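Beneath this line is the structure, given in structure tokens, with notes to follow.
The values are calculated or read from the model by the stated rules, or taken from the named source; none is laboratory data. This is a predicted model, so every value here is computed, not measured. Cβ placement follows ideal geometry from the backbone for every residue including glycine, while neighbour counts extend to all protein chains displayed.
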Amino acid sequence: MTQPDSIISLREVVVNAYQINTRQRQVPGSISVLSAEEIVTADGNNFAGTLHTLPGIYMHSGNYSTSRIVIRGVGSRTPYNTNRIKAYLNDIPITSSDGISTPEDIELTGIGRMEVIKGPASALYGSGLGGNINIYTPEAESNKVETLLQYGSFQTMKTAAAGSYHRENLHIGGNLSHLQSDGFRENNRYRRTVLLSSGKWQHQAYSLEYTLMWIDLFAQLPSSVGKTLYESDPHAAAVNWKAVEGYKKYQRAIAGVTLTNRISEKWNNRLTLFGRWADSYERRPFNNLDDGTSGGGIRNRLTYHASNWDALIGFEWVNDTYRWQMDLKDELINRNKETRNHSNLFGMVYWQPAPTWNISLGGALNKVYYRLIDQFSEDGDQSGKRDFPAIFSPRFGVNYAPSRSLAFYASVGHGFSLPSPEETLLPEGDINRELRPEQGVQYEAGVRLNLFDDATQLEATVYRINLTDLLVTKRLAEDIFTGINAGRTRHTGIELMLKQGIFRFRDFPGRLYINVNYTWSRNRFIDFNDNGEIYNKNELPGIPSHIAQAAIQWQPSPQFRLDVQCQYVGEQYMNDANSLKNDDYLLVGLRTSYHFPVPKAGTFELFAGTNNITNTRYSPMITVNAVAFGNAEPRYYYPGMPRHYYAGIKWAF
């Protein structure tokens with residue numbers, strides 16, 4: 001008879017997304033954390049599958065290169081990207097100067113930890129009305145080399161090589177990966193190469209760190225389709241995008257250096273200098289876009305630690321120059337250059353009046369300035385500037401933990417999102433000086449439980465977000481967008497998360513763990529007048545009211561492991577009038593792996609899996625308020641990937 005280990009415990013998590021390293025159960029607010037093992041799920045190619053293991057988050061994913069992240073219902077109306085969150089890599093802002101975040105570009109195998117702050121509750125990170133995604137590279141704790149070779153359906157192939165070097169005070173690690181696929185739709189080829197490296201040199205009084213990321217991407221764009229094609233031929237691309245073989249390609253680079261000084265036993269300073277560069281081109285049916293960004297900035301954080309309180313003060317300054325031009329049939333139709341300055345002064349105090357209490361109070365003062373230079377004189381000079389008023393975002397949070405197994409928390413915080421340059425421009429090309437930043441206040445309360453010697457981790461959160469000056473991107477023509485302030489919305493929800501260790505035996509049946517989360521939300525217009533159409537009390541489109549995710553991990557022996565992933569996404573409206581719905585769907589995936597050591601040659605892992613086992617037809621991304629042009633149907637649907645298989649081998653030495 002096999003005997004279980006004496007303790008079936010889950011690892012206690014230490015986080016630093018609130019700028020002070022502390023145990024997750026003591027954080028005065030909601031925060032979700034994923035370890036490296038939890039990040040790489042299924043085939044490891046889909047960032048959405050990783051984010052969906054966290055409650056309160058839904059990622060529209062049309063394909064590897066077209067996605068939109070929605071956190072607590074914020075950000076659902078952005079047409080083809082994410083612009084209501086702020087993303088960081090090792091404390092370096094990777095959100096572009098126009099507010100676009102693409103954390104999904106980072107290869108999942110190169111991520112050591114991910115922390116997500118949800119909603120307008122983080123005064124420490126500037127404009128991120130939907131929240132923040134903080135990504136950290138793994139720390140090099142030993143000398144090792146790892147390689148990966150994977151192949152799957154639709155000629156999908158991934159290769160990766162990673163290594164780390166550790167000697168005394170020096171830690172260096174890196175990951176180089178390449179992913180390519182023909183895709184399951186027409187005009188859907190994809191190719192991405194990512195280099196991600198970081199290192200640290202540690203001294204008793206100071207440390208020096210570096211981060212380097214380089215991305216080279218080419219992706220054809222099948223775009224969205226109408227209902228007829230979605231139901232009859234989901235493999236088809238949109239006719240106009242197929243005709244021109246539309247695609248986008250870009251190269252991006254981010255580099256940063258961080259100096260951390262231990263000034264005294266109580267004072268520490270962390271200074272980060274970083275630079276960013278991007279060059280992009282997109283071929284489209286209506287015109288072609290050639291754009292790029294160059295710039296950089298500085299982020300500094302000074303912290304003070306005492307016996308029963310901590311404090312920090314810091315600032316972040318980012319300056320980018322964004323240039324873009326468009327042409328149609330090889331004829332230039334505009335050329336522009338825009339300089340963007342974003343300054344953020346932030347501070348926070350944490351007070352522990354007793355060991356069971358942690359109270360935080362802080363805020364941030366943000367100032368943003370745009371200057372547009374029109375370099376195309378044929379249509380008149382449309383140069384101008386936008387100097388937005390300074391915005392103050394306060395935050396208050398409290399955590400009460402009467403025991404190691406129980407904690408209560410509550411917080412209230414303010415956040416904002418600025419109009420993107422595309423939203424700021426009027427159809428004639430002029431700057432809309434009346435457009436105001438979108439602002440919101442979030443109220444949340446929750447409870448954390450660690451039961452049965454930490455075998456059970458349970459968290460429940462309720463929240464409400466009140467948004468004002470809602471920014472709505474309106475599509476006036478196939479190639480013309482503009483933004484308007486359209487009123488107020490209210491986002492209410494309940495989030496549940498359970499991590500459970502079922503059993504852990506030394507021999508068969510081995511170990512069994514589950515990770516389950518559920519989100520219920522109601523997201524409504526409170527005051528929304530769109531050119532005379534009143535949508536008060538309607539549901540916001542593009543947000544499922546019910547989302548559930550379950551991951552089961554069973555390891556019957558030290559060598560063999562079985563992972564099962566299940567995701568349910570409820571119905572969601574597709575337009576403001578609430579007259580059309582996208583159907584709910586259930587996806588099931590399975591992955592098996594077998595580890596075996598080879599003397600003097602390292603450890604090998606053979607793995608294989610299937611995604612969408614039931615071959616469900618579904619649309620994981622929709623175009624909100626799609627517009628019909630001519631006699632064509634409105635193109636609401638991005639068809640989801642059908643059943644597909646993958647297999648591969650890993651080697652570690």
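Numbers for the structure displayed
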quantity	calculated
Failed item in (1) within 27 Å of the chain's Cα centre (by Cα); (2) under 30 Å from residue 642 (Cβ atoms), with residue 580 passing the rest	(1)
Residues that are out of contact with any Cys (no Cβ under 6 Å at 6 or more places or on another chain), among the small types (Gly, Ala, Ser) and surrounded by 16 or more Cβ atoms within 10 Å (Cβ to Cβ), drawn from the stretch 545-578	545, 548, 551, 570
Which listed residue is modelled with pLDDT under 90 and not hydroxyl-bearing (Ser, Thr, Tyr), from 437, 394, 402	437
Hey, residue 272 within 23 Å of the chain's Cα centre (by Cα), part of a strand (DSSP E or B) and among the hydroxyl-bearing types (Ser, Thr, Tyr) or not	yes
Number of positions in the stretch 612-653 that are at pLDDT below 95, farther than 17 Å from residue 223 by Cα and exposed (fewer than 15 other Cβ atoms within 10 Å of the Cβ)	3
Members of the stretch 352-408 that are exposed (fewer than 14 other Cβ atoms within 10 Å of the Cβ), aliphatic (A, V, I, L, M) and closer than 21 Å to residue 448 by Cβ	354
Segments classed as strands (runs of 3 or more DSSP E), wholly inside the stretch 124-179, with at least 2 members that are modelled with pLDDT of 95 or more	144-152, 156-167
Residue in the stretch 633-641 that is more than 23 Å from the chain's Cα centre (by Cα) and either within 29 Å of residue 145 (Cβ to Cβ) or of a type in the set (Gly, Ala, Ser) (or both) present	no
Enumeration of residues in the stretch 257-291 that are surrounded by fewer than 17 Cβ atoms within 10 Å (Cβ to Cβ) and touching a Ser or Thr at 6+ places or on another chain (Cβ under 6 Å)	277
Among the candidates 255, 219, residue that is touching a Gly at 6+ places or on another chain (Cβ under 6 Å) and either assigned to a strand (DSSP E or B) or not small (Gly, Ala, Ser) (or both)	255
Qualifying positions in the stretch 55-102 - closer than 30 Å to residue 187 by Cα, of a type in the set (Phe, Trp, Tyr) and under 11 Å from the mean Cα position of the chain (by Cα)	58
For residue 640: the one exception among (1) farther than 19 Å from residue 227 by Cβ; (2) in a loop (DSSP other than H, G, I, E, B)	(1)
Close pairs (6 angstrom Cβ cut-off, 6 or more residues apart or separate chains): farther than 27 Å from residue 629 by Cβ in the stretch 213-230, modelled with pLDDT under 95 and not in a strand (DSSP E or B) anywhere	215/105
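Residue-by-condition table, conditions (1) at pLDDT below 85; (2) of a type in the set (Phe, Trp, Tyr); (3) at positive phi; (4) surrounded by 23 or more Cβ atoms within 10 Å (Cβ to Cβ):
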{"residue": "73", "(1), (2), (3), (4)": "no, no, yes, yes"}
{"residue": "81", "(1), (2), (3), (4)": "yes, no, no, no"}
{"residue": "91", "(1), (2), (3), (4)": "no, no, yes, no"}
{"residue": "95", "(1), (2), (3), (4)": "no, no, no, yes"}
{"residue": "100", "(1), (2), (3), (4)": "yes, no, no, no"}
{"residue": "107", "(1), (2), (3), (4)": "no, no, no, yes"}
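Residues are listed down the side, and each one gets a yes or a no for (1) out of contact with any Gly (no Cβ under 7 Å at 6 or more places or on another chain); (2) under 30 Å from residue 413 (Cα atoms); (3) at pLDDT 90 or above; (4) not β-branched (Val, Ile, Thr):
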site	(1), (2), (3), (4)
269	yes, yes, yes, yes
281	yes, no, yes, yes
307	yes, yes, no, yes
317	no, yes, yes, yes
322	yes, no, yes, yes
330	yes, no, no, yes
352	yes, yes, yes, yes
360	no, yes, yes, yes
368	yes, yes, no, no
